[in-house]
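Each remark here refers to the structure printed beneath this line.
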C-alpha cells in the first residue's frame, strides 16, 4: 500500500495572525495538526507566534520522523504529550489548564494490517473510493454541531461574531470557552486533544479502512471542513473531486469569499471566527 501526496496547502485565517495549523507527512503517513486558539492571557512560546502554533509545530515534526508502519502510534502520542508538557512548563511554569496549548489531529497511516485513520479533536479525513464510496472520519463526530450551537448563542446575544472577527473578544463567550477547555483531556470532559496530557494517548480514535484498488483522500483542519459541514457546498466526495480538478487553492478562495464577503458577521452561517486557519492534504492511496 502507498500514500502519495498530490497537493497541500496551509492558509492563515487572518494575515496578521499566526497560522496555528501544520502539515506532516512521510512515505507511509499523512497528518494535519490544528492548534486550537489560545485562551490564556499571555503567550509563552515566543518563537512560534502563539502557543498553539508551537504545539502544532512540535507535534508535526515528531509525527513526520516517528510515524512508521511498525511504530506504536499510541506510544508516539504519549511521548509527544509528555515531552511537550516538560518543555512548556519549563518556560511557562504553573498555568491554568485553559492556558495549556492543545491541538486537533487527523491523519492516515499505513500499518502492517493496512490503512488506518487516527485522530484527536475536530480535524477530518474525507475519502472517495474508486468504486464511489465516500467516508467521513473524525474523532469527534458531533464537534461541528456543538460548535455551531455555541456560535448561534454567541451571535444571537451580540448580533454577530464581533468586531475583532473572533468570539473570544467577548468576555462571556471567553469564560464559557475557558470552562470547556479546562475539561478537555480530563475524565470529566468529552474532548481529548493532542496536548500536554500523556493520558490523551489512551483516547485516540482509530478506524481500519478497507481499500480495494485505490482511493483519494483529503485530510484537513476544521477550517476546510466548513465547506462540507457548515456551508454545505460539498459532500466529502464532491469536495475531493473539486480538489483533484481545480486544486486545494481554489477551495480556499471559495471558503474565504463565503467568510469575508458573503457572511462576514456569521449571521447566515454561525461560527466563532470570521476566518479560521485552513490546512489540507490531498493524497492518493493505492493498494498495489
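None of the figures in this text is laboratory data; all of them are computed from the coordinates on show. The model shown is predicted, which means the values in this text are computed figures rather than measured ones. All Cβ positions, even for glycine, are placed from backbone atoms using ideal geometry, and neighbour counts span all protein chains on display.
Observations on the structure shown:
- Least to most buried among 283, 220 (fewest other Cβ within 10 Å first): 283, 220
- Fewest-first sequence of 197, 124, 5 by Cβ atoms within 10 Å of each Cβ: 5, 197, 124
- For the pair the range 29-57 / the range 155-209, the C-alpha centres are spaced 14 Å from each other.
- Which labelled figure in (1) 0.95; (2) 1.03; (3) 0.98 is Rg/Rh (Cα atoms, Kirkwood Rh), once derived from the coordinates: (1)
- Of the residues 130, 188, 34, the one with the fewest other Cβ atoms within 10 Å heads the list, and the complete ranking is 188, 130, 34.
- In the elastic network of the chain, a GNM with C-alpha springs shorter than 10 Å, the most mobile of 159, 214, 119 is 159.
- Among 243, 187, 150, residue whose mean-square fluctuation peaks in a GNM of the chain (springs only between Cα atoms under 10 Å): 187
- When the Cα gyration tensor is reduced to axis lengths a ≥ b ≥ c, the ratio a/c is 1.5 or higher for the range 16-92, and with a/b not above b/c it is classed as oblate.
- For the range 104-226: rounded, prolate or oblate by the Cα gyration tensor [a/c cutoff 1.5]: oblate
- GNM flexibility winner over the chain from 101, 12, 112 (Cα, springs under 10 Å): 112
- Calculated [222 nm] ellipticity per residue, helices only, for the chain: -10500 deg cm²/dmol; basis is -39500 (n - 2.57) per DSSP H run with n ≥ 4, divided by all residues, nearest 500.
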